[in-house]
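Please read the structure below before turning to the comments.
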Amino acid sequence: MRWSQAFLAVAACFFTPAIFAADCGAPPVRDSEQATCYAVAYAERHRLSHGGALKRSVAKGQKGWTVRFLNDRAGASLRGWEVDIDARSGKVTRFTSYRPVGPSKG
């Protein structure tokens, strides 16, 4: 790998989050579209799946937004995840991952 390629790879790690957040608009988070944008930016920074079979839902709470990406199909290898986003700052305050539901033992 050339030094210039290595530099670009390292630089991408530091500057990519700022680029994604800039596309979402500055806080405060005012609507579900902006909240989803922040959640997708978080997903891309942390290499989380957020498309395909995952269904998105957004709910507004007292102090922020909850954005959920969930696969409700039986036997899915990826169940989903959700984040809480602070309305004032646009920062993720909580992350929860859902495991696939296994066969019931009975």
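The values are calculated or read from the model by the stated rules, or taken from the named source; none is laboratory data. Note that the structure is a prediction, hence the values are computed from the model and not measured. Here Cβ is always computed from backbone atoms with ideal geometry, including for glycine, and neighbour counts include all displayed protein chains.
Taken over the range 9-57, the criterion of being at pLDDT below 95 and among the hydroxyl-bearing types (Ser, Thr, Tyr) is satisfied by THR16, SER49. Filtered by the rule that a residue be part of a strand (DSSP E or B) and among the aliphatic types (A, V, I, L, M), the range 43-100 gives VAL58, ALA59, VAL67, LEU70, VAL83, ILE85, VAL92.
Close Cβ contacts (under 7 Å, 6 or more residues apart or on different chains) running from residues in the range 80-94 that are without any contact (Cβ under 8 Å) to a residue 40 or more places away in the chain to residues that are assigned to a loop (DSSP other than H, G, I, E, B) and of a type outside the set (Ser, Thr, Tyr) comprise GLY80/LEU54; GLY80/ASN71; TRP81/LEU48.
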